[in-house]
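Q: Here's a structure for you.
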Amino acid sequence: MMKPVVEEFAEKHADIKVLEVNVDDEEELAEQYEVSTIPCFVVMKDGEEVAREIGVMPLKKLEKLAGVK
């Protein structure tokens, strides 16, 4: 459900790096970032987590989470 929203976000905000992680394939990474529910969005700045949100959301909410307009 979120793939089109995330793709639109990535296109609209090309200056922001957007990564998708398959938690089934990357169990250690999911554990490291304490991802137990998907979809899970983790916003990082300078290597530190600054925001996190779980669940489906519209583009505007994803942009607000990421701190963009």
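Q: Which members of region 51-65 meet the condition of being in a loop (DSSP other than H, G, I, E, B) and among the small types (Gly, Ala, Ser)?
A: Scanning region 51-65 gives a single hit, GLY55.
Q: Against the condition touching a strand residue (DSSP E or B) at 6+ places or on another chain (Cβ under 8 Å) and among the hydrophobic types (A, V, I, L, M, F, W, C), how does VAL35 come out, does it pass?
A: yes
Q: Okay, next question. Looking at region 14-39, I want the residues that are among the hydroxyl-bearing types (Ser, Thr, Tyr) and have a partner that is open to solvent by less than 100 Å² (accessible area, probe 1.4 Å) and outside any loop (DSSP other than H, G, I, E, B) with Cβ atoms under 7 Å, at least 6 apart or on another chain. Which pairs are those?
A: TYR33/VAL42; THR37/ILE54
Q: Just give me the residues in region 18-35 being surrounded by 10 or more Cβ atoms within 10 Å (Cβ to Cβ) and part of a loop (DSSP other than H, G, I, E, B), in sequence order.
A: Those that are surrounded by 10 or more Cβ atoms within 10 Å (Cβ to Cβ) and part of a loop (DSSP other than H, G, I, E, B): VAL18, GLU20, VAL21, ASN22, VAL23, GLU26, TYR33, GLU34, VAL35.
Q: Go through VAL43, VAL68 for me and flag whichever is touching a residue at least 24 places away in the same chain (Cβ under 8 Å), part of a loop (DSSP other than H, G, I, E, B), closer than 17 Å to HIS13 by Cα and among the aliphatic types (A, V, I, L, M).
A: Answer to the selection: VAL68.
Q: Where residues in region 6-17 are part of a helix (DSSP H, G or I) and of a type outside the set (Gly, Ala, Ser), which of them is surrounded by the most Cβ atoms within 10 Å (Cβ to Cβ)?
A: Ranking the qualifying residues of region 6-17, first place goes to PHE9.
The values are calculated or read from the model by the stated rules, or taken from the named source; none is laboratory data. Keep in mind the model is a prediction, meaning the values are calculated, not measured. Reconstructed Cβ throughout: ideal geometry from the backbone, glycine too, with neighbour counts over all protein chains shown. Keep in mind that these areas ignore ligands, DNA and RNA; they rest on the heavy atoms of the full protein, side chains included. Shrake-Rupley method; radii C 1.70, N 1.55, O 1.52, S 1.80 Å.
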